[in-house]
Structure formats: structure tokens, C-alpha cells
Amino acid sequence: MKSGEINYELEKNMEVISQLDALVGDAVDNILVDPDTCWQPSDFLPDLSNPEALEDIKLLQQRAEGIPDTVLTSLIGNMITEEALPSYQTYFNLLEGINDERSLVSPSGWVRWSKSWTAEENRHGDLLNKYLYLTGRVDMGAVERTIHRLIANGFDANTDADPYQAMIYTSFQERATKISHVNTGKLADKAGDHVLSKICKTIAGDEARHEKAYKTFMSRIFEIDPSGAILAFEKMMRKQIVMPAVLMGEGGNRPNLYKDFSEITQKVGIYTGWDYARIIEHLVDFWKIENLTGLNDLAAKAQDYLSGLASRYMRLADRMKAPDEIRLAWLK
């Protein structure tokens, strides 16, 4: 696509995005939560002002003893991903048409969303960080260095500053994160840590609300501009979804850290190739891709491509073998 066509495409997308401002503002008020009434990390952790606090910590550590190293390592990787929120809010506010005023106190729906969404997400890393610290099983220095490096390296979702592609990305990513936390919670429950299981399921509940919002935003884009929306969907799927923590090891003494973490989540079933394929299948069904009409020629080709994509990834997942050897990280 030529530069003039790209600029026209972005301008059109920005115009559509501006039409969603009221919808997004309504989502802030009705889908996101009030800080005074929602859960906070301290609800799940020992109260250190309580005379019985040391006993509560001992009980937490006893429960955590049964968690397999692989599951604990995966949980740490999930937590590190959640802790990179400064990068995610920055990314969101740099999207074309989202924050034209370049003001973080703008009353626009999109700016309010970016702040309130990341404020909710901030609780996730905060809670998991404190929980992992209290288990006594984690090399927190190594974890903190990884978080530091990940935030310093930044984040590129590979969406070309296009708000359509960003809505596709966030719809996919919120569902992927939800799945990861749900599966971690199941394994924690199996290992005998019912508190960690509840933590993971509670975080997954937040991700489910966020997923619902982003899919709703994108549904409206499909209604207004079906050809542009489906082309954005195709672009993201051809590039593949880059996970937020992909740069966690970049520039460090263990550059393959993210690959090692991903192999663990694949091996223990927390996030797998089948999950990736099923998310594609879900989004194709949710946005009724196969039923869209009135598409231009390029969009019609994208429709054909997307309609068969989940099956292709399912076949790839069927052939994918979990690694025989995995490298653990961040544990004492």
C-alpha cells in the first residue's frame, strides 16, 4: 500500500474511532469498576497489622510449597507481564485518533478509558508480586531486574499506530490473558493452594470484562466500516499477535527468557497453541466474519482468509510438541 493510501486509511480509521467516544465513555462508567468498592490486593494478603500476621504468612507459605516449579515460574511470567503497565498506557495514548489533545486529563471517553483500564490492571501485578514475595520461593531480585528491563525495553504491539488493529490486538490479548490466569488458577487449586486459585480467577474476571469491552468497541467498528475492520483483522493475524512481555530478556544475560517462559506455559497447559487457535475461532465467530456483506474486493479476500484461519492453527497445534526440556527462571 502506498504512503498516500496508508494516510487516507488512518484518517478514515481515526474518524470512525472518534464516533466511538461516547460508547467508550459509557464503558468506563458501566464496565470498569469504582476504586472504592472493587477488590484491592490487600483483600487477599495477610494483614501485617494483625497480631496473627506471621501465622497467616506461614499458612500462605505452606500452601505455596505444593505449587510445582513450572506453575510458579509461569505465574511469575504472568506477573511480570502485568507489571509493564506504563508501557501499555503509553502505547494506547499514542494510537492515532485516541488522544489528539495529548492530555492525560482530557475528559474524552478514550482517554478516560486508557487511564481507568490500566488502573484496574495495575492491581493484578501488585497482588501477584506481593503474593510471590511472601511465598519465600522466588528470587525477587531476579524478578525485579526482569520487570525493570521489560519496562525499559518498551512495548510494540506491531499495530502501526492504527486504532483498528489496536482494538483487534487488545481483544485477542485480553482473552489470552484471561485464559492464562484461569488455567493457572486450576493448577493452583490442584496443588492445594485455594487462595492462589481464587486470586487467579479474580484477575481472570477483570480480564473477561476488559475483553468484553474491546470486542464491543470492535463490533461497532465492524458495523460502521466492515471492509476496513476486516482488513485490520487480517493484518494482525498475518503478523501474528506479539505477546506483551516478548522483550523481557532483550539486552540481558538471558536473551531467550521469554522463549523459556513460553515453553513452560505450553508444556503445563497454561497457554498453548490450541488456545491461540481457539481465540481466533472465537473472534471470527463473535464478529460474524463469515456473514459480513458489502465488502470490497480486498476485504472479501480477507474474509476468506480469516474464515479458515482457526482450522489452520488447530492443525499446527496438533503437530506442535511440548519441549522435552525446559529452563526455569526466577526461582530460589
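The values are calculated or read from the model by the stated rules, or taken from the named source; none is laboratory data. Keep in mind that this is a model prediction, so the values were computed, not measured. Here the Cβ positions follow ideal geometry from the backbone for every residue, glycine too, while neighbour counts run over all protein chains shown.
Residues checked against (1) over 11 Å from Phe233 (Cα atoms); (2) surrounded by 15 or more Cβ atoms within 10 Å (Cβ to Cβ):
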| site | (1), (2) |
| --- | --- |
| Gly273 | yes, yes |
| Ile280 | no, yes |
| Leu283 | no, yes |
| Leu292 | yes, yes |
| Asp297 | yes, no |
| Asp304 | yes, no |
| Leu309 | yes, yes |
| Tyr313 | yes, yes |
Complete set of residues in the range 165-191 that are in contact with a Leu (Cβ under 8 Å, 6 or more places away or on another chain) and aromatic (Phe, Trp, Tyr): Phe172
Residue in the range 220-231 that is without any contact (Cβ under 8 Å) to a residue 40 or more places away in the chain and in contact with a helix residue (DSSP H, G or I) (Cβ under 8 Å, 6 or more places away or on another chain) present: no
Meets criteria (crowded, with 19+ Cβ neighbours inside 10 Å, modelled with pLDDT of 95 or more and in a helix (DSSP H, G or I)) for Glu223: no
Single unsatisfied condition, Asn183 versus (1) modelled with pLDDT under 95; (2) farther than 24 Å from Pro35 by Cβ; (3) polar (S, T, N, Q): (1)
Within the range 97-146, considering residues that are among the acidic types (Asp, Glu) and in contact with an Asp or Glu (Cβ under 7 Å, 6 or more places away or on another chain), the one nearest to Lys178 (Cα to Cα): Glu121
Unique match (being out of contact with any Gly (no Cβ under 7 Å at 6 or more places or on another chain), of a type in the set (Gly, Ala, Ser) and not in a helix (DSSP H, G or I)) among Gly205, Gly228, Gly251, Gly192: Gly251
Helices (runs of 4 or more DSSP H) wholly inside the range 255-322 containing at least 1 residues that are touching a residue at least 60 places away in the same chain (Cβ under 8 Å) and more than 25 Å from Lys212 (Cβ to Cβ): 257-268, 297-307
Residue identified as surrounded by fewer than 16 Cβ atoms within 10 Å (Cβ to Cβ) and within 25 Å of Asp206 (Cα to Cα) among Leu132, Leu104, Leu127: Leu104
